[in-house]
Structures are given as structure tokens and as C-alpha cells.
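Colleague: The structure follows.
Please treat every number below as a calculation from the coordinates, not as lab data. Just so it is clear, the model here is predicted, and its values are computed rather than measured. Because the Cβ atoms are built from the backbone with ideal geometry, glycine has one as well, and the counts that use them run over all protein chains shown.
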């Protein structure tokens, strides 16, 4: 075990996966010489010459080229420098990457990973701070992953690179260097599509993903109630059985989502609970989210993002319902 930040853990996953599989290549803006804007790909160009490519500032071209590489048998990992610029590559992700297996009736797959620093919390401008995972989770054929800790990030990135299908790997930039924890040095992969119970409890289920796991755990730790905390890991496909099993035990649910309130992943979780777990619910599902407005400038970010205090109040509301 070695203590690592998320940046270091992701870099370690890259080194191990590129060493074990020569088909893995890395491309994106400043990923080579500069090692990425957050230094996630630092040193890869030196270790794996000819397999790390700096590209022009053209997200559509980056992802489009990566789709072609994947169809030709490589395993490309494309970096989009900031979350807000993913929308420039939306057509390639939706119209090509996510459809290639179905369009070719299984003759071709698209073992592609598209990485992007994601979400807010570092006082950056709006196109650098958004949380739009629901837009991509709605696309059939596209896997959407959001790690929450360094050890989770390493194992999930390894699994994403090994996946035969396209994976959108969204890295919460607020967690990049804010958390250090012991991470296994050897290779390991965390299965995609499987949530984890971070903390067991009996009174209320708190569901979070990415950077929102921190305020969820903080609120659970301060609460006088027994809170079970679930980290989704993979937003799509959603691990509905894990959520249902927990809510069957607790009878109450609080969902913590950094993105805007309406039409989000939290809404899908609430719908799944209404469809499949309604008889076990003892209170309405509480959602703690950002408001339905664009990401504000830095001075208002603290009001915009869900906090441990807001999560705590949602837990109290869920428990008070009779």
C-alpha cells in the first residue's frame, strides 16, 4: 500500500495498464509534454514513446480519432481538458462511440475511454465546473463512471481501459489532491456497474457519487441517525439492486447530486425506488442538488454546491416524515 492522491492513483493505473497492454494509447490536449493540465498523464510520454499524443484544441477531432482507433483494434484513452468542453464531442460520443457495437451487429466494438476533469469546487469558470453526467448517462451504449476516492479511481480506470465498450470517465477535480489514502500498488480492477456500501446503517440510505461522497459522509457522521452511505461508482449502468437492498432495510433515502435538480441521476434513482421499492419506502425520497441554473462564478459556488449541512437537513426531513 502506498499513500496517494487521486492524481497519483490515476497515473499509476495508466502506467500499469499501458505496460500490460501495448494497444493502450493516450491522446488529448497537453497530455504528452506537459503531462496534462492536472498532471494525470505526467511521465507517460517518456515511459511509452509513440503511444502518447498531444492533439490540437479540437474535442470533436480528439474523440472522433479515438473512435477510429478503437474500431481498428487499439484501446485509446482520450482526455478532454475540462468537463464543459465535452459537449463539443457530444456528436462523436452519441452518434458513433455508443452505437458502434449495435450498428455493426457486434462485428465491431468501441473499447474507448474518454476522460474529463469534472464538477466544481475549485472556483473555476462555468465551463470548467459543470456536472452534466445525466446528459451522458441517458445514452444507451455509453458507460459513465465517476470515482470518489484515489483507490476507487485507480481500480475503476483499469476496468474502464479493459472494457470492450466506450466509457466516459469523469474525474471530480475537487478530489484530485484533496484526499490522500492508501492505495494498493499491484494491478486491480473494480467491476463497472457495481456500487459499494461505504458505511452501513439502519435508519436512512444516503446515495452519492464522485465529489458528493464527502459531504454525504460528513453529514452521516454528524447525524444522530444510523445512516447507510452508498457510493454509486458507475452512474450508468446504475446498480439498482444495491440501492433497493439498502432501502428495503432503511425505508428512507436521500440522494446527493452535484448537478442541477431537474431531470438528473437523482430523479432516476427516485423513479426506480418508486417503481420497484415503493412498498418499502416510509418517506418521500429526498434530493439534495444544485439549483436549476448555470454554474455560477466563484463567489456563489458555496451556495450552489450541495453541502454537508444541506445533506444533514435532508436526513432530518426524511426521518421526521410520518
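Colleague: Arrange 203, 21 by Cβ neighbour counts within 10 Å, fewest through most, would you?
Modeller: Going from least to most buried by this count: 21, 203.
Colleague: Something else: If you average the sequence gap of Cα pairs under 8 Å that are 6 or more apart and divide by the length of region 4-148, what percent do you get for the contact order?
Modeller: RCO, region 4-148: 20 percent.
Colleague: How much length is gained on full extension from residue 196 to residue 274, taking 0.36 nm per residue of separation minus their Cα-Cα distance?
Modeller: Full extension from residue 196 to residue 274 adds 25.9 nm.
Colleague: Using a Gaussian network model on the chain with a 10 Å cutoff between Cα atoms, which of 134, 66, 216 fluctuates the most?
Modeller: Fluctuation is largest for 134.
Colleague: Next up: Neighbour counts of other C-beta atoms within 10 Å: give me 86, 217, 157, 112 arranged from fewest to most.
Modeller: Starting with the residue having the fewest Cβ neighbours, the order is 217, 86, 157, 112.
Colleague: For the chain, what is the mean residue ellipticity at 222 nm derived from helices alone (per DSSP H run of n ≥ 4: -39500 (n - 2.57); sum divided by total residues; nearest 500 deg cm²/dmol)?
Modeller: Helices in the chain give a 222 nm mean residue ellipticity of -9500 deg cm²/dmol.
Colleague: Could I get the Rg over Rh figure for region 2-183? Both from C-alpha atoms, Rh via Kirkwood, rounded to two places.
Modeller: 0.94
Colleague: Also: Take the Cβ-Cβ distance between residue 126 and residue 104 as r, set R0 to 35 Å, and report the resulting FRET efficiency rounded to the nearest 0.05.
Modeller: Step by step, r from the Cβ atoms, then E = 0.40.
Colleague: What's the angle, to the nearest 10 degrees (0 to 90), between helix 150-162's Cα axis and the longest principal axis of the chain?
Modeller: Value to nearest ten degrees: 50.
Colleague: For region 196-320, just the Cα atoms, rotate onto the principal axes and tell me the three extents in Å, largest first.
Modeller: Result, largest extent first: 42, 31, 24 Å.
Colleague: Related question: Looking only at Cα atoms, what is the convex hull volume of region 86-230 per residue, in Å³?
Modeller: Spread over its residues, the Cα hull of region 86-230 gives 126 Å³ apiece.
Colleague: Treating the angle as unsigned and between 0 and 90°, give the value, to the nearest 10°, between the Cα long axis of helix 265-276 and the longest Cα principal axis of the chain.
Modeller: Roughly 60 degrees, rounded to the nearest 10.
Colleague: Can you put 276, 154 in order of Cβ neighbours within 10 angstrom, beginning with the fewest?
Modeller: The order, fewest Cβ neighbours first, is 276, 154.
Colleague: Using only the alpha carbon atoms of region 21-124, find the Kirkwood hydrodynamic radius as the inverse mean reciprocal pair distance, in angstroms to one decimal.
Modeller: 14.1 Å
Colleague: Grab the beta carbon distance between residue 72 and residue 188, set R0 = 41 Å, and tell me the FRET efficiency rounded to 0.05.
Modeller: Plugging the Cβ-Cβ distance into 1/(1 + (r/R0)^6) gives 0.90.
Colleague: Also, I was wondering about something else. Which residue fluctuates the most in the chain, going by a Gaussian network model with Cα springs under 10 Å, if the choices are 253, 116, 298?
Modeller: Looking only at 253, 116, 298, the largest GNM fluctuation is found for 298.
Colleague: Can you tell me how much longer the chain between residue 310 and residue 2 gets when fully stretched, taken as 0.36 nm per residue apart minus their C-alpha distance, in nm with one decimal?
Modeller: Length gained, residue 310 through residue 2: 107.5 nm.
Colleague: Could you give the length gained on full extension between residue 300 and residue 57, defined as 0.36 nm per residue of separation minus the Cα-Cα distance, in nm?
Modeller: Here the segment from residue 300 to residue 57 would lengthen by 84.5 nm.
Colleague: I need the semi-axes of the equivalent ellipsoid of the chain: take the C-alpha gyration tensor, multiply each eigenvalue by 5, square-root it, list largest first in whole angstrom.
Modeller: 33, 20, 19
Colleague: Ok, one more. Nearest 5 percent is fine: what portion of the DSSP beta bridges confined to the chain is antiparallel?
Modeller: Antiparallel bridges: around 20 percent, rounded to the nearest 5.
Colleague: Give me the percent of DSSP beta bridges within region 2-183 that run antiparallel, rounded to the nearest 5.
Modeller: 15 percent
Colleague: Can you give me the three principal axis dimensions of region 44-95 from its C-alpha atoms, in Å, biggest first?
Modeller: Cα spread of region 44-95 along its principal axes, largest to smallest: 31, 24, 15 Å.
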